[in-house]
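Asks: Handing you this structure, nothing more for now.
The values are calculated or read from the model by the stated rules, or taken from the named source; none is laboratory data. All values derive from a computational prediction rather than experimental measurement. Cβ placement follows ideal geometry from the backbone for every residue including glycine, while neighbour counts extend to all protein chains displayed. Calculation scope for accessible area: heavy atoms of the full protein, side chains included, ligands and nucleic acids excluded. Shrake-Rupley method; radii C 1.70, N 1.55, O 1.52, S 1.80 Å.
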Amino acid sequence: IAFENCAMGGNWQSGEWNIAHNPSAWEKMFNAVPADNLGLEWEPCHQMIALIDPLPQLRKWMDKVFHVHGKDATIAWDIVKEYGIHGPKPYVWDRTAGFGDTNWVDVITILRQAGYKGTIDIEGWHDPVYRDELEMTGQVHALNYLKYCRGGSFVPNPV
């Protein structure tokens with residue numbers, strides 16, 4: 001069972017949310033149910049929205065990552081610095097991989113170093129720019145970008 005690390009509009013104060021929205025919740029979950037088949041469907045976007053750096057988090061929780069979504073985010077730090085996260089202007093946007101702030105080379109490196117054999121599935125239909133008639137353009141770009149970040153196409157070693 002893999003819980004997606006998505007807040008789904010909730011927080012610690014409201015009860016109608018996904019329990020696996022925050023690393024503190026993960027610790028509580030995995031301590032309460034220490035099962036090898038309980039883990040995370042992880043994506044950097046959801047943590048970036050909470051202003052959590054996804055890379056150290058991925059390193060720490062890699063043994064519980066069962067699946068990865070290729071969805072990204074862009075944080076407008078100028079807006080955060082001027083208005084905060086509860087101000088009148090949006091400070092973060094969901095993005096298709098390759099258009100956001102995530103360092104996917106580092107994500108893929110961490111995944112590979114930990115022995116991850118799963119996929120990175122592109123989660124589309126969220127990007128505010130590459131949407132509507134540009135949706136497939138964005139998703140194809142994300143596919144090519146993630147291939148680039150993993151080192152390109154697979155090339156077997158010579159025999």
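Asks: Compute a Gaussian network model of the chain, connecting alpha carbons closer than 10 Å, and tell me which residue from N18, N144, N37 fluctuates the most.
Replies: Highest fluctuation of the listed residues: N37.
Asks: Rounded, prolate or oblate, given the Cα gyration tensor of the stretch 101-153, with a/c below 1.5 counting as rounded?
Replies: Prolate.
Asks: Please list, in chain and number order, the residues 5+ apart from G10 or on another chain whose amide H is under 5 Å from its amide H, with Hs placed from the backbone.
Replies: Long-range HN contacts for G10: N18.
Asks: Rounded if a/c is under 1.5, else prolate if a/b is larger than b/c, else oblate: which is the stretch 1-77, with a ≥ b ≥ c the root eigenvalues of its Cα gyration tensor?
Replies: Since a/c reaches 1.5 but b/c is at least a/b, the shape of the stretch 1-77 is classed as oblate.
Asks: I would also like to ask the following. Quick one: among G39, G115, G87, which has the greatest mean-square fluctuation in a GNM of the chain with alpha-carbon springs under 10 angstrom?
Replies: Fluctuation is largest for G87.
Asks: Okay, moving on. Dipole size in debye (nearest 20) for the stretch 44-147 around its Cα centre, Lys and Arg Cβ +1, Asp and Glu Cβ -1?
Replies: That gives a dipole near 460 debye.
Asks: Another question about this same structure. Keeping to pairs on different chains or 8 or more places apart, tell me how many lysine pairs in the chain have Cα atoms under 24 Å apart.
Replies: 11
Asks: Same structure, new question: Take the chain, connect every pair of alpha-carbon atoms lying under 10 Å apart with a spring to form a Gaussian network, then pick out the residue of Q47, Q113, Q13 with the largest mean-square fluctuation.
Replies: Q13
Asks: Nearest 20 debye, what's the magnitude of the dipole of the stretch 105-159 about its Cα centre given +1 on Lys and Arg Cβ and -1 on Asp and Glu Cβ?
Replies: It works out to roughly 440 debye.
Asks: Quick one: which residues, 5+ away or cross-chain, put their amide H under 5 Å from the amide H of D127? H built at 1.01 Å from N.
Replies: Under 5 Å from the amide H of D127: T96.
Asks: Same structure, new question: When all protein chains stay in place, what accessible area (Å², nearest 10, 1.4 Å probe) is found for K89?
Replies: So the heavy atoms of K89 present about 90 Å² to solvent.
Asks: Continuing with this model, one more query. Can you list residues whose amide H is under 5 Å from A2's amide H, if they're 5+ apart or on another chain and H is modeled 1.01 Å from N?
Replies: Excluding prolines and chain starts, which carry no amide H, the hits are G39.
Asks: Further question: Is the shape of the chain best called rounded, prolate or oblate, per the rule: a/c under 1.5 gives rounded, else a/b larger than b/c gives prolate, else oblate, with a ≥ b ≥ c the square roots of the Cα gyration tensor eigenvalues?
Replies: oblate
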